[in-house]
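Readers should treat all values here as calculations from the given coordinates under stated rules, not as data from a laboratory. Predicted model only: the values in this text are computed from it and were never measured. Every residue, glycine among them, receives a Cβ derived from its backbone with ideal geometry; neighbour counts consider all protein chains shown.
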Amino acid sequence: MINKSKLILLCCAMILLNTIPLQARMVTQLTPTLTITEEYTNNYYKADINQKEQFITTCKLGFSLGLLEKKYELYLNYNPLYKDYDTLDDNDGFDHIFSLDGNFLPTKHSSISYGLHHEITEVDREGESRNSNAL
């Protein structure tokens, strides 16, 4: 007679052995990104009276992790960025951008796509709208 612990161990081993071929077909993709941009505006406040020039330097270092298989794709992205203002030092600060995107292919001629996007702005920037949203 097989006791309970041996039966549980046998079931776990069978489950693991059945999932190994599935994991062998999955491709994991890690993509780092580095972006540096310089933006110029001659009317930062978008006003008729108080027109102010501004240079904004943005440095973004992020990564994308992709899990790819024949029937689905899943991407997790994280991109923190730092904005440096030329004359408005109080506006300098970090933003964080997260996203999760996927695609499921249940049949040859159909697909289901989904995505989640969230941005966090740590600094209330004078003259800009607050960019903290989720889609």
* Can you tell which of Y40, C59, L74 lies farthest toward the positive end of the dipole of segment 28-134, using +1 and -1 charges on the Cβ of basic and acidic side chains (Lys, Arg; Asp, Glu)? -> L74
* What are the aspartates and glutamates whose alpha-carbon lies under 18 Å from the alpha-carbon of K52, with same-chain residues fewer than 8 places away excluded? -> E38, E39, D84, D86, D89, D90, D92, E126, E128
* Based on alpha-carbon positions alone, could you give the equivalent ellipsoid semi-axes of segment 28-134 from the gyration tensor, as √(5λ), descending, whole Å? => 37, 15, 11
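Would you work out the relative contact order for segment 28-134, in percent, from Cα pairs under 8 angstrom that are 6 or more residues apart? Could you put the intermediate results ahead of the total?
Numbers: 241 pairs, mean separation 20.7, N = 107.
Worked out over segment 28-134, it gives 19 percent.
Where nothing but the Cβ of Lys and Arg (+1) and of Asp and Glu (-1) is charged, how large is the charge dipole of segment 28-134 around its Cα centre, in debye to the nearest 20?
860
Which FRET efficiency value, to the nearest 0.05, is calculated for T31 and D90 with the Förster distance at 25 angstrom and r the Cβ-Cβ distance? Display every interim value, and only then the final one.
Numbers: r = 34 Å, r/R0 = 1.36.
Rounded to the nearest 0.05, the efficiency is 0.15.
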* Asked: For a paramagnetic label modelled at 7 Å from the Cα of E53 toward its Cβ, which residues of segment 86-110 fall within the zone defined by backbone nitrogen distances under 15 Å?
  -> 86-88
